[in-house]
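Written out below as structure tokens is the structure these notes cover.
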Amino acid sequence: MHENIANIENSKRAKKKEHANQSRENRNMAMMMPPRLNPTDSASGPKQHQTWSPYDNNGGTCVAIAGADYCVIAADTRMSTGFSILTRDHSKIFVISETCALASSGFQADISALQKNLDARHQTYQHQHGKQMSCPAMAQLLSNTLYYKRFFPYYAFNVLGGLDDQGKGCVYSYDAVGSYERVGYAAQGSGMQLIMPVLDNQLKSASPLVLPKRETATPLTEAEAVDLVKDTFASAAERDIYTGDGVEIVTINARGIQKQYMELKKD
Amino acid sequence: MSITSYNGSALVAMIGKNCFAIASDRRLGVNFQTIATDYQRIFQIHDRLYIGLSGLGTDVQTLYQRLKFRHKLYQLREERNMRPETFASLVSAMLYEKRFGPYFCEPIIAGLSEENVPFICTTDLIGAKQFSSDFVVSGTASESLYGACESMYKPDLEPEDLFEVISQALLSSVDRDCISGWGGIVYIVTPEQVITKTLKGRTD
């Protein structure tokens with residue numbers, strides 16, 4: 001009996017304390033908003049409506065293949081959002097210099113900002129040094145630029161292609177925050193998983209960790225590489241809804257920069 | 001980790017000239033730990049009908065046992081083997097029975113009809129059938145398989161060429177998926193015979 005009364009008293013006291021705490025807490029919360037849990041976390045309780053995101057994915061696929069004395073960089077020309085197409089002829093390839101081109105897929109606003117940034121830095125370099133940046137130098141610059149925004153990244157999946165200082169083809173593949181590696185071939189974007197196994201099958205290059213060090217450039221001729229790129233894009237366009245409309249192919253070699261365009265399925 | 005990518009799997013079936021081929025990887029894992037490198041995912045229902053099951057290993061085995069049971073009963077009652085289209089409907093019906101507590105399996109059915117016309121079909125985990133005249137894919141490596149098959153497939157391939165194409169497609173695709181691989185097994189079924197081949201692949 002006594003315990004019961006004691007319990008009731010305790011609970012009353014507890015409730016009063018709780019009430020005081022609650023109002024103090026509310027004031028605290030108003031002053032300093034705690035970081036908001038992702039609504040889809042299991043810890044945050046019942047599912048809430050998805051909040052506004054600063055990012056969007058405009059889709060698309062980019063591919064690059066490095067050869068002994070050339071580099072092929074290609075990207076589709078479709079820009080989409082959700083299940084809608086925004087435009088069928090948007091170029092994802094940005095030619096930075098005579099020996100270097102950048103193909104990016106992902107969030108086009110961030111990509112435009114990134115391209116502007118790199119362009120400005122490249123122009124500054126040209127004024128200061130009297131020459132254009134080499135492709136490996138641009139590769140490092142791109143990595144640093146991406147990591148600079150490590151905690152609010154550029155939603156851009158990049159493939160940089162061009163000729164290195166010896167005139168050999170080079171391709172660099174990046175993640176969204178700047179981790180990069182020189183490879184013989186790369187694909188990024190929505191069709192990456194569809195295209196990579198095919199490129200592996202045709203071009204498998206040695207791992208840079210295997211000794212003796214082997215060439216990263218592929219043994220294909222330029223025409224064969226361009227045909228391979230066209231085939232892989234045609235296949236990707238069949239199965240990936242975000243890839244299609246057309247593919248822009250840029251070839252960089254000793255003669256300069258050549259551009260071609262191939263139609264893809266529009267569905 | 002999703003329940004359908006708990007064990008890891010890769011399955012593909014292709015149609016050739018009066019024949020079909022069905023292939024799978026051999027790895028069974030528990031998340032990232034490899035447990036077996038000789039796991040069977042493709043089962044024979046009768047000499048012209050095969051079923052491959054991707055997804056959760058326990059459901060693969062249970063579904064196969066239940067389908068074998070149903071087919072044996074059918075053989076007793078009808079005194080003949082099931083046609084591939086009929087079997088596909090059976091699989092679809094059995095999966096939909098568990099609509100609100102499904103088997104975590106995505107089967108591929110491949111068979112040769114009485115008139116030696118090859119038939120392939122896949123269903124999702126609750127039985128939605130999807131027929132195809134070229135190839136079907138299933139498993140954790142399915143996106144890679146779609147890309148590889150789309151590039152490499154040609155219609156009306158002879159059995160030897162079909163074997164080459166399906167093997168290259170499977171091996172290239174599982175090499176880009178860390179939870180499937182450890183080689184492969186391919187069945188090429190023609191009106192005269194069934195050829196079984198094991199593939200040696202990357203053992204990681």
Next item on the list: Scan the strands (runs of 3 or more DSSP E) fully inside the stretch A:67-108 and keep the ones with 1 or more residues being crowded, with 20+ Cβ neighbours inside 10 Å and under 18 Å from the mean Cα position of the chain (by Cα).
Entry: A:70-76, A:79-81, A:93-97, A:100-106
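How many residues, within the stretch B:146-164, are touching a helix residue (DSSP H, G or I) at 6+ places or on another chain (Cβ under 8 Å) and away from chain A (no Cβ under 11 Å)?
Of the residues in the stretch B:146-164, the ones touching a helix residue (DSSP H, G or I) at 6+ places or on another chain (Cβ under 8 Å) are B:146-154, B:157.
If we keep only those that are away from chain A (no Cβ under 11 Å) as well, we get B:154, B:157.
Number satisfying all stated conditions: 2.
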Note to self: For the condition open to solvent by less than 50 Å² (accessible area, probe 1.4 Å), in contact with a Gly (Cβ under 9 Å, 6 or more places away or on another chain) and within 14 Å of chain A (Cβ to nearest Cβ), what is the one hit in B:Ser180, B:Ser132?
What the structure shows: B:Ser180
Checklist line | Options A:Gly161, A:Gly178: the member that is open to solvent by less than 10 Å² (accessible area, probe 1.4 Å) and under 13 Å from the mean Cα position of the chain (by Cα) | finding: A:Gly178
Checklist line | Elements of type strands (runs of 3 or more DSSP E) in the stretch B:20-112, at least 2 residues being buried (at least 16 other Cβ atoms within 10 Å of the Cβ) | finding: B:20-25, B:28-30, B:42-46, B:49-55, B:105-112
Notebook entry, point to check: What is the residue count in the stretch B:113-129 for residues that are open to solvent by 20 Å² or more (accessible area, probe 1.4 Å) and farther than 17 Å from B:Gly55 by Cα?
Noted result: 6
Next item on the list: Of the numbered conditions (1) more than 30 Å from A:Tyr261 (Cα to Cα); (2) at pLDDT 75 or above; (3) among the small types (Gly, Ala, Ser), A:Gly60 fails exactly one; give the number of that condition.
Entry: (1)
Notebook entry, point to check: For the stretch A:110-184, list the strands (runs of 3 or more DSSP E) that sit wholly inside it and hold at least 1 residues that are of a type in the set (Ser, Thr, Tyr); which are they?
Noted result: A:169-174, A:180-183
Check: Would you pick out the residues in the stretch B:140-177 that are of a type in the set (Gly, Ala, Ser), open to solvent by 20 Å² or more (accessible area, probe 1.4 Å) and touching a residue at least 60 places away in the same chain (Cβ under 8 Å)?
Finding: B:Ser142
Checklist line | Looking only at the stretch A:236-267, and only at residues there that are open to solvent by less than 30 Å² (accessible area, probe 1.4 Å) and in contact with a Leu (Cβ under 7 Å, 6 or more places away or on another chain), the one that is farthest from the other protein chains (Cβ to nearest Cβ) | finding: A:Ile252
Checklist line | Among (1) touching a helix residue (DSSP H, G or I) at 6+ places or on another chain (Cβ under 6 Å); (2) more than 30 Å from B:Asn116 (Cβ to Cβ); (3) charged (D, E, K, R) - the single one B:Asp25 does not satisfy | finding: (2)
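The values are calculated or read from the model by the stated rules, or taken from the named source; none is laboratory data. Keep in mind it's a predicted model, so treat the numbers as computed, not measured. Cβ atoms come from the backbone with ideal geometry, glycine included; neighbour counts cover every protein chain shown. SASA here: full protein model, heavy atoms, side chains in, ligands and nucleic acids out. Shrake-Rupley method; radii C 1.70, N 1.55, O 1.52, S 1.80 Å.
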